[in-house]
1. Run the helix sum for the chain: -39,500 (n - 2.57) per DSSP H stretch of 4+ residues, divided by residue count, reported at 222 nm to the nearest 500 deg cm²/dmol.
2. Can you give the extra length, in nm with one decimal, that the chain gains between LYS90 and VAL6 once fully stretched, where that is 0.36 nm per residue apart less the Cα-Cα distance?
3. Under the Karplus relation 6.51 cos²θ - 1.76 cosθ + 1.60, θ = phi - 60°, what is the ordered set of whole-Hz ³J(HN,Hα) values for the range 2-9, x standing for Gly and Pro?
4. Using +1 on the beta carbon of Lys and Arg, -1 on that of Asp and Glu, and nothing else charged, what's the dipole of the chain about the Cα centre, debye to 20?
5. Scan (i) 8.2; (ii) 5.4; (iii) 9.5 for the value of mean projected area of the Cα convex hull in nm² calculated from this model and give just the label.
6. Once fully extended, how much extra length lies between ALA30 and GLU82, figured as 0.36 nm per residue of separation less the alpha-carbon to alpha-carbon distance?
7. Could you run the Karplus curve 6.51 cos²θ - 1.76 cosθ + 1.60 with θ = phi - 60° over the range 47-56 and give me ³J(HN,Hα) per residue in whole Hz, x for Gly and Pro?
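Every number in this text was worked out from the coordinates using simple rules, so none of it is lab data. The structure presented is a predicted model; accordingly, all values stated were derived computationally and were not measured. Quick reminder, even Gly has a Cβ in these numbers, built from the backbone with ideal geometry, and neighbours come from all protein chains shown.
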Amino acid sequence: KVSFSVIDEDTIVSKEYTSYFRSVIAFGKARIAEGDERIEAFKALVEKYSGDQPEEAKLKEIMGCMQSYIFAIDVEHITGKEAIEYVRAKGK
């Protein structure tokens with residue numbers, strides 16, 4: 001079992017002694033991605049961090065890197081929270 005947290009926003013508001021935040025936590029089970037799922041996930045990582053590289057070079061990296069693992073999370077439950085200031089702003 002694993003959990004994964006994503007913080008969308010966390011702005012410190014010093015005059016109010018707080019922060020305005022928005023985040024989610026996903027709970028589920030981790031597993032090793034294999035086959036096409038692994039390749040697609042690896043492509044997404046390469047595109048995010050090396051998107052400006054030539055397509056041939058990116059493909060070579062994707063297909064040549066067999067020493068790494070990609071973990072997938074099968075999400076069972078998601079919860080989120082946000083600063084009350086954001087909640088109030090939505091109601092206006």
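1. Numbers: 3 runs with 34 residues, N = 92.
Here the helix-only value at 222 nm equals -11500 deg cm²/dmol.
2. Numbers: separation 84, 0.36 × 84 = 30.24 nm, distance 2.09 nm.
Additional length available on full extension: 28.1 nm.
3. 9, 9, 9, 10, 10, 9, 6, 8
4. On the way: 14 positive and 17 negative charges, 92 e Å.
I would put it at about 440 debye.
5. (iii)
6. On the way: separation 52, 0.36 × 52 = 18.72 nm, distance 2.61 nm.
Length difference between fully extended and current span is 16.1 nm.
7. Result, rounded to whole Hz: 5, 5, 9, 9, x, 7, 7, x, 4, 4.
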